[in-house]
1. Can you find, among 103, 85, 18, the residue sitting farthest towards the positive end of the charge dipole of the chain, where Lys and Arg contribute +1 and Asp and Glu -1 at Cβ?
2. Among 127, 383, 334, determine the one that fluctuates most according to a GNM of the chain built with springs between C-alpha atoms less than 10 Å apart.
3. Per residue and in cubic angstrom, what volume does the convex hull of the Cα atoms of the stretch 1-157 have?
4. With everything on Cα atoms, drop me the angle between helix 327-356 and the longest principal axis of the chain, reported from 0 to 90° to the nearest 10.
5. Per residue Cα convex hull volume for the stretch 36-127, in cubic angstrom?
6. What span do the alpha-carbon atoms of the chain cover on each of the three principal axes, reported in whole Å from largest to smallest?
7. Full extension from residue 263 to residue 32: what is 0.36 nm times the residue separation minus their Cα-Cα distance, to one decimal in nm?
8. DSSP beta bridges in the chain, what fraction antiparallel, as a percent rounded to 5?
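All of the numbers you see were taken from the coordinates with simple rules; none came from a lab. Computed from a predicted model, the values in this text were never measured in an experiment. Every residue, glycine among them, receives a Cβ derived from its backbone with ideal geometry; neighbour counts consider all protein chains shown.
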Amino acid sequence: MKIIVIGGGIGGLTLARICLDAGFQVEVYEKRSLPEMLSGAGGIFIQHNAMQVYQWVWDRKIYDRLYEQGGTILEGGFLSKHGELLYRSTPNLAQAKDMGVCLLRSDLQQILYEALPPETVKTGYAFKNYEETDKIRVFFQNGHCAEGDVLVGADGLYSAVRSQSQGKPRLEHPIYSGTCCWRGYFEGDDLPIDKQYSWAEYWGQGDRLGYFDVGAGRFAFYAFANAAAGGTDEAEGGAWNVLRSRFSNYANPIPAILDALSAQPIYRDDIYDREPLGTVWGQGRVTLIGDAAHPVQPNLGQGGCMAIEDSFELIRQLVLVRESETIPSMLRQFEASRCDRIARVFATSRQVGQTGQATHPIACFVRNWSYKLIPTWLADLQFKWLYDYHPEPIDR
Ligand SMILES: Cc1cc2nc3c(=O)[nH]c(=O)nc-3n(C[C@H](O)[C@H](O)[C@H](O)COP(=O)(O)OP(=O)(O)OC[C@H]3O[C@@H](n4cnc5c(N)ncnc54)[C@H](O)[C@@H]3O)c2cc1C
């Protein structure tokens, strides 16, 4: 079986490695140049559930490299902007030795790319359209044509594969969350950061700022604020000035982190999601994974983790293709099998976003007190379903 993958992000690269492990041929087509594909803003949490997948991929080599490169997620906490601890998270949440790994996005992309033979990923190939017969023929903007048995759209929020499979010239605009997010990283060794915590997130009114250990003395940061879509920082003299005026009244170590950020690039994005598609994501020999199928708000740090889980579950179905089970029927079974979990991640991500972004002083007061009063074991119980994911190795 030959699988054509559009998009060389977390989902597309992970899927390609799992295809090779299963003995399938695979080609990944990415529209960006290689240096662009290997870049990315800030850091990312690859949480326990997604690490469970990498345990069964490429003889654990990606798994081991992620732990070598990144920061292991141990304890973390939500705090008020005044530095009061509201909720402390430990690996008990997943009944595991840790909660996974955090690393810079560029490091993650590099590790995933290096897990593939160099000819697998073709950069500078923008998907144009496809034709389906008893095969799939895929056409690119540069005139190239590729042929395979399955087409997987791993091409992100504005997926062109999804729009063609739904018979639309382009996708509807995604749903704006009402928040924008700044991201970047800083050197943390000399900063007054409580190293007991691998991550911490401070909640204000309509804004919040978090940081996390991405290994080798570096920390990634993110900051959310309620804002109109399409805003920029230009009028206020750039992102750093905006962050300073918004967050410098937060408790230590936030002011010190803001100072450290002056030396680093800061990226700003608006945050979007899309309502889940339900039980059917693709059509015929075409399916979707990751953000192409189900972009979620990043408040749980699970969008990329879901793309990793999708990749594994997709190949689990495709290895079962026999004469009685056609490729399209196995693709639909894959999509249906992911539907409930994705819907829950989508809804919980929105809910956590609304909690973190509360603006009214009374709402913030109630939020902070309820987080303080709820016992940790009870708060953890809410997320048991998320970390209760135990993939078994794929039967080849
Ligand atoms: C602020 C923020 C923080 C986040 N934090 C986390 C986190 O901590 N943990 C987590 O798991 N997730 C996190 N996420 C979500 C995560 O980034 C996404 O869910 C993840 O990147 C999705 O991976 P993907 O491979 O599906 O898509 P993408 O990463 O979007 O990759 C799509 C790829 O397809 C390419 N492409 C697009 N169109 C075409 C085309 N026409 N032809 C060829 N190639 C094309 C793109 O160039 C890109 O390389 C966060 C998101 C945001 C915005």
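1. Ranked along the dipole, the leading option is 85.
2. Maximum among the listed residues: 383.
3. Residue-normalised Cα hull volume stands at 137 Å³.
4. The two axes meet at around 10 degrees.
5. Looking at the stretch 36-127, the number lands at 136 Å³ per residue.
6. 62, 46, 37
7. 80.5 nm
8. 70
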